[in-house]
Amino acid sequence: MSRPVRVRFAPSPTGDLHVGNIRTALYDWAYARHTGGKFVFRIEDTDRERVTDEYINAAIDTLKWLGLQWDEGPEVGGPSAPYLQSQRLDIYADWAAKFLAAGDAYHCYCNPEELEASREAQKKANIAPGYDGKCRAISADDLTRYQSEGRKPVVRMRMPDGSTTFYDAIRGDVTFDHNFVPDFVLVRGDGSPLYTLAVAVDDVMMQITHVLRGEDLLSSTPRQIRVYQAMAVKPEDYPIFAHLPFVMGQDNAKLSKRNGEVSIAWYRERGFLPEAICNYLALLGWSPGDDKENISMQEMTELFTIERVGKNPARFDMKKLEAINGDKIRALPVEEVIKRALPFMESAGIALTGEQAEALFARAIPLIHERIVTLAEIPDYVRFLFTEKFAIDPEAKEKALTADSLPILAAAEVAISAITEWKLEAIETALRSALIEGLALKPKNAFTPVRVAVTGARVSPPLFESIELLGKERTLERLKAAQTG
RNA sequence: GGCCCCGUCGUCUAGCGGCCCAGGACUCUGGCUUCUCAAGCCAGCUACGAGGGUUCGAAUCCCUUCGGGGCUACCA
């Protein structure tokens, strides 16, 4: 019990890391940091049909982006290297051989068709489906026959009678009767290991003390424990399991591409902050106990305990994520917003070339800092300041630039051109006196046409500030252009 | 079907026998503020799945039931 804490995040990258994966990684990381233990990152790529290098690299990149720094794993190495299961194949093969030699496992020559037929029969007979143990004691005749047929055997673990009870840190004691845990395959016919073998071996060899993973693996735990037993691991050295509840989509189904986006890369592209994603995900299934919700990465490591993880599945709520993202952006220093906004300006095709453009951008950001929910909204707000070919949004034009607005724009043009000292106060005073007092208009009616003419949209940063940044010359050009249609 | 897990506002949750005719956050509704949009402020709506117990007392303990989910692979 006094073993140093070692937590691992061990995804099988068969696609982009998704929200559920990341929440697990976050909890792993937070728990390791909370306890002063190690955070181990291992790639479970034994299923070479589905795992690709591209996905592995994406997983590494995503974890880095989120700031979940690992102590051991890809790129950083560590005492249990390598951390890619595809590079540890000989280790699994050795253990499988030992299990075979000790009689814990046996060769099974049944082919997929036979297994399928057997399962069908069991279902029909209303018996728990599972391997029937046919090859547990194979006859010499059958053996030679199978071998002459060229069948490649799998290595199958012998599941003894009885039951397995283990303590789950989130759910308490869980018991599985072995009648419902059939003999399972450890090694495929082609010699490659399966998840159940590889995880168990690696968790033991990497001295993992806590296994936090998805609830979908709850029922595979007895099989893993069986492998520990075959490896002669002492029960007190088994890792502590904690099966996290699912993250569900909007319609109560497991989160998938169909209902709400799940890939973290998707959120990144849309201007969500890594700290916002982590904060939101932390709250999805865990709470610090008081009413605190705005939590920094640092606080997470201080407050996170497995005991406070909930046991019921959580629905992913984009609105709440957005609210948190907005809060986090508002809490950022302006310089930081500017820095983080740059890639979004670039991908929006707005070039900020030269010191002048950069300075202008730096002055524009404070105007929209508190109005944005994601970084991706920034380009649309400030585009009017940087575009050579200025164009008014057609819909805004139709709604706000009518015949009625012509006198307003004309008056605004006169007022603006009369300004001698280009200052915010002067702009505001000039426009208010010309339009509100001069034309006796309501502020909203007066400023909307001007806003559309100058910024090209009905929603913009504050008008007077926008005009100030745009400059007298360009403002007048646009006011003129809007009158001529 | 079998085995296993889960069940508090629309959503995420607090609550671990009396502090709860249930608190916070997001959403939603109304209002204030206001040059648009936000932000901010105020107010409001809405929940212990159901039925039995145990107890002086239950959201909290037990049972049943209903509902949701997972697993049932030579996937993880």
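The values are calculated or read from the model by the stated rules, or taken from the named source; none is laboratory data. Please read these numbers as outputs of a predicted model, since none were measured by experiment. Cβ atoms come from the backbone with ideal geometry, glycine included; neighbour counts cover every protein chain shown. In case anyone asks, the SASA skips ligands and DNA or RNA and just uses the protein heavy atoms, side chains included. Shrake-Rupley method; radii C 1.70, N 1.55, O 1.52, S 1.80 Å.
Restricting attention to the range A:94-112, the residues that are within 15 Å of RNA strand B (Cβ to nearest atom), in a helix (DSSP H, G or I) and farther than 11 Å from A:VAL155 by Cα total 1. For A:LEU273, are the conditions met, namely being among the aliphatic types (A, V, I, L, M), closer than 17 Å to A:MET300 by Cα and either crowded, with 16+ Cβ neighbours inside 10 Å or modelled with pLDDT under 85 (or both)? In short, yes. Does the range A:224-235 contain at least one residue that is within 9 Å of RNA strand B (Cβ to nearest atom) and open to solvent by less than 20 Å² (accessible area, probe 1.4 Å)? No, the range A:224-235 contains no residue that is within 9 Å of RNA strand B (Cβ to nearest atom) and open to solvent by less than 20 Å² (accessible area, probe 1.4 Å). Does A:ALA453 fit the bill of being assigned to a helix (DSSP H, G or I), within 15 Å of RNA strand B (Cβ to nearest atom), crowded, with 20+ Cβ neighbours inside 10 Å and touching a residue at least 12 places away in the same chain (Cβ under 8 Å)? Judged against the criteria, A:ALA453 is a match. Among strands (runs of 3 or more DSSP E) entirely within the range A:123-193, having at least 2 residues that are open to solvent by less than 20 Å² (accessible area, probe 1.4 Å), modelled with pLDDT under 90 and polar (S, T, N, Q) singles out no element at all.
Looking at the range A:167-178 only, could you name the residues that are near RNA strand B (Cβ under 8 Å from one of its atoms) and not acidic (Asp, Glu)? Scanning the range A:167-178 gives A:ILE170, A:ARG171, A:GLY172, A:VAL174, A:THR175, A:PHE176. Within the range A:56-81, being buried (at least 19 other Cβ atoms within 10 Å of the Cβ) and over 11 Å from A:ARG8 (Cβ atoms) holds for A:ALA59, A:THR62, A:LEU63, A:LEU66, A:LEU68, A:PRO74. Whenever a residue of the range A:184-207 is touching a residue at least 24 places away in the same chain (Cβ under 8 Å), its partners that are within 8 Å of RNA strand B (Cβ to nearest atom) and of a type in the set (Asp, Glu), lying with C-beta atoms within less than 8 angstrom and at least six residues away or across chains, give the pairs A:TYR195/A:GLU44; A:TYR195/A:ASP47; A:ALA198/A:GLU44; A:VAL199/A:GLU44. Only one entry in A:ASP16, A:ASP94, A:ASP28, A:ASP53 is under 30 Å from A:ARG136 (Cα atoms) and not basic (Lys, Arg), namely A:ASP94. When each of A:LEU115, A:LEU84 is tested for being open to solvent by 20 Å² or more (accessible area, probe 1.4 Å), within 12 Å of RNA strand B (Cβ to nearest atom) and farther than 13 Å from A:MET157 by Cα, the lone residue that passes is A:LEU115. Within the range A:363-387, being hydrophobic (A, V, I, L, M, F, W, C) and more than 9 Å from RNA strand B (Cβ to nearest atom) holds for A:ALA364, A:ILE365, A:LEU375, A:ALA376, A:ILE378, A:VAL382, A:PHE384, A:LEU385, A:PHE386.
On inspection, A:ALA265 passes the criterion of being at pLDDT below 95, within 24 Å of A:ALA348 (Cα to Cα) and not in a strand (DSSP E or B). Looking only at the range A:382-406, residues that are assigned to a helix (DSSP H, G or I) and either touching a Pro at 6+ places or on another chain (Cβ under 6 Å) or open to solvent by 70 Å² or more (accessible area, probe 1.4 Å) (or both) come to 11 in all.
Against the list (1) open to solvent by 70 Å² or more (accessible area, probe 1.4 Å); (2) within 16 Å of RNA strand B (Cβ to nearest atom), the condition A:GLU335 fails is (2). Among the criteria (1) at pLDDT 95 or above; (2) within 16 Å of RNA strand B (Cβ to nearest atom), the one A:VAL51 does not fulfil is (1). If the condition is being more than 8 Å from RNA strand B (Cβ to nearest atom) and closer than 16 Å to A:ARG151 by Cα, then the range A:188-207 contributes only A:GLY191. Among the residues of this structure, A:ILE324 does not count as one that is part of a loop (DSSP other than H, G, I, E, B), within 12 Å of RNA strand B (Cβ to nearest atom) and out of contact with any Lys or Arg (no Cβ under 9 Å at 6 or more places or on another chain).
Quick one: A:ARG33 ticks every box in (1) over 22 Å from A:ALA242 (Cα atoms); (2) open to solvent by 20 Å² or more (accessible area, probe 1.4 Å); (3) at pLDDT 95 or above except a single one, so which number is it? Among (1) over 22 Å from A:ALA242 (Cα atoms); (2) open to solvent by 20 Å² or more (accessible area, probe 1.4 Å); (3) at pLDDT 95 or above, the lone unmet condition for A:ARG33 is (1). Within the range A:340-362, none of the residues are within 12 Å of RNA strand B (Cβ to nearest atom), at pLDDT 95 or above, assigned to a helix (DSSP H, G or I) and small (Gly, Ala, Ser). Could you check the range A:412-427 and list, in sequence order, the residues that are within 15 Å of RNA strand B (Cβ to nearest atom) and within 19 Å of A:LYS480 (Cα to Cα)? Scanning the range A:412-427 gives A:ALA412, A:ALA415, A:ILE416, A:ILE427. For the range A:301-318, a tally of residues being at pLDDT below 95 and either farther than 15 Å from A:HIS243 by Cβ or surrounded by 14 or more Cβ atoms within 10 Å (Cβ to Cβ) (or both) returns 6.
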